Structure formats: C-alpha cells, structure tokens
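Some notes on the structure that comes next.
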Amino acid sequence: MKIIDQTPFFNNETGEISILDRGKALMKYGASWIKEVEGQKQVITVLGKVLDRNYTLLRNVTPPVLEASFPFILVGPAGVFVMYVTPLTGMFRAKGDQWGTITGNTFKNEKPNLLTRTERMARAIQVFLQRQGYSAITSVDAILLCSDPSVHVDSIRPIIRVVMRDALERFAISIMQARVMLSPESVQDVIERILNPPKPAPPQPAETLAVAGPETLASAQAEDPYVPAFALPESQAPAWSNEPAPLPIAGTQARSQVPRRKGLNKKQWVFLIVMLVIWCLLITAFLFLVIKDQRSFLLSLLP
C-alpha cells in the first residue's frame, strides 16, 4: 500500500512527531488530535499488511478547494473510501445515525457524532470529485475505524460501516476481494484531482452571460468550485450537528462563512501554565546553584 502523508508536524524520515512538535500540535489541535494520529499509525500497520501497491492511502490531506482535513482517503481498484479513525475506548452503540455510549441499559448520545461526521466527509469527497468532472464516481464509502482493541461498538443498522480493531484485517481482505471499480489510470486520476484539483475557469462578465441566455448562466454556475460547509477540524470549526449538510457555497460567500479562529481553550491554558511553572523552577534551581558556588568560592578565600 502506498501512502501519501500530509499529517502536520509529521517527520517522514523518522515516522514520528518530535517532542517539540508534539507540544506545538497540542497547542494548535488539542490532546485528542495526538491520540487520533497514534491510532492512525496502528490502523496503517494492519492495512499495509493486506493491501497491495494498487491502493494509495491519503493521510490527513487537505484538498485545496475543500479547506478541511480528511484523516484517511483510500483510493484503489475497489473504489474510494473515506475513513475516520477513532482511538476511543469503552462501550458504544451505533444505531442508524445515532452514536452514543452504553452504561448498563442506558444509552447516552455522544458528541461529536462520529457516524454523521464520517458520512458527511464521504459525501463531501463524492460531490467534490463530481464537481471536478469525474462522473465515474457514483458513491464513496464511509467507514468508521476503531484503533483500540478494548472498544466495543454495538451496531444496529448504522448509516455507515463500523469496523472494530479485531476486524480490521478482515475489512482489508474484503476490499482486496471486492469487484474492480476503477482502472489504474482512474485511480491515479482521482488521487491527482484530490491533491491538485484543476483551477476553475475565470468567471464570465455579467453582460456576456446575459447575452448567452439562461442555459449558459446555469452551466457557468454549475462549474463553480464546491466548498463544503461540513465541519473543519475541531479547533477551527463549530461542532458537528445531525442536521442535513447545507447546500454547496461558492466563491467569496463561502470564504466569508468560515468561522474565525477561537482563542485558547482550557487545556491549552493549563499546558501554558504548567510550562511556565517548570520554567520558573528551572530558573530558581539555576540561581540557587550559582549563589551556592559563589558562596563556596568566597569562603575558600577567607583565612
């Protein structure tokens, strides 16, 4: 399996994120992002043992037009799969579009809803490819992958496929055995369209569209690049909801609706305070050693 990795702060040579970069990632994305990246590594190890070089995994890529990060996009002969990896532990239930925890006989809805989140990601990629002119993609499969062996998900006709840790290998084998949907040339074309989508044609003047008639106007509107309104990464976007995804928005209007970046959250403030306390302790210890050495030196000069 080939991997195209665009994970922020990720070192392709070492295959790890350095301690310094971990601190930067914690400040920018939060602790949950670090856990998700670690969970992704475990899933990649399993998938890499089964999937051959005909499959390419796009990890944490951000298509230029969509401006949102996608954890896993797997492209191969069996089609296109958008996969979200969760490191959660515990007991969960996936029923229809409902996602929550199970405690005894009590079900409690959990946020974010990983089912609707993953389904909207897959829908966004499908519409994105279709808007790029790739009509061969009629559907994009949405998969929720669990990286921790201790998690258990009670699935009751969920809107997407949920794969637990002990079933990852069987899931990869089922992909290898699925019927061929895309040729090798189509696979490379889809990957290229996701990473480097063609630039839209410049808009025509209003006078030209008016002369061309309503049919030309409708055609020009259909060629506008698609910018999905589904949520961006947790630190940069509002919480996911269960409501249907809004209609595509193009151009300046879409950019104006991207929410402004929020300030530091509680965990980030705690991290800053802890780092400040550690720094103060180090400075105090250094000054103590300097004063102690000077005192010893002065005492040694006395008769």
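Summary table below
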{"item": "Condition met for ASP166 (modelled with pLDDT under 95, of a type in the set (Asp, Glu) and over 23 Å from LEU57 (Cβ atoms))", "result": "no"}
{"item": "Any hit, segment 48-71, residues being within 19 Å of ILE160 (Cα to Cα), out of contact with any His (no Cβ under 6 Å at 6 or more places or on another chain) and crowded, with 16+ Cβ neighbours inside 10 Å", "result": "yes"}
{"item": "Residue selected from segment 1-43 under the condition touching a Phe, Trp or Tyr at 6+ places or on another chain (Cβ under 8 Å) and at pLDDT 85 or above, by the criterion surrounded by the fewest Cβ atoms within 10 Å (Cβ to Cβ)", "result": "LYS2"}
{"item": "Residue identified as free of Cβ contacts under 8 Å to residues at least 60 places away in the same chain and over 16 Å from the mean Cα position of the chain (by Cα) among GLY100, GLY96", "result": "GLY100"}
{"item": "Those strands (runs of 3 or more DSSP E) lying entirely in segment 78-158 with at least 2 residues among the basic types (Lys, Arg)", "result": "91-95"}
{"item": "Evaluation of ALA78 against (1) surrounded by 18 or more Cβ atoms within 10 Å (Cβ to Cβ); (2) more than 23 Å from ALA167 (Cα to Cα) (one fails), failing number", "result": "(2)"}
{"item": "Residue in segment 66-87 that is touching a Phe, Trp or Tyr at 6+ places or on another chain (Cβ under 8 Å) and among the acidic types (Asp, Glu) present", "result": "no"}
{"item": "Hits in segment 28-63 (condition: closer than 30 Å to SER186 by Cβ, touching a helix residue (DSSP H, G or I) at 6+ places or on another chain (Cβ under 7 Å) and β-branched (Val, Ile, Thr))", "result": "VAL43, VAL46, VAL50, THR56, VAL61"}
{"item": "Test for ILE73: is it modelled with pLDDT under 90 and in a strand (DSSP E or B)", "result": "no"}
{"item": "Answer residue from segment 169-202, given it is surrounded by 17 or more Cβ atoms within 10 Å (Cβ to Cβ) and part of a loop (DSSP other than H, G, I, E, B) and is modelled with the highest pLDDT among those", "result": "LEU182"}
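Yes/no matrix, rows are residues, columns are (1) outside the structural domain of ILE44 (by TED's automatic domain parsing); (2) in contact with a Lys or Arg (Cβ under 9 Å, 6 or more places away or on another chain); (3) farther than 27 Å from VAL50 by Cβ:
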| residue | (1), (2), (3) |
| --- | --- |
| PHE81 | no, no, no |
| GLY96 | no, yes, yes |
| THR103 | no, no, yes |
| LYS108 | no, no, yes |
| GLU169 | no, yes, no |
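The values are calculated or read from the model by the stated rules, or taken from the named source; none is laboratory data. Here the structure is a predicted model, which is why all the values come from computation and not from measurement. Backbone-built Cβ (ideal geometry, glycine too); neighbour counts: all protein chains shown.
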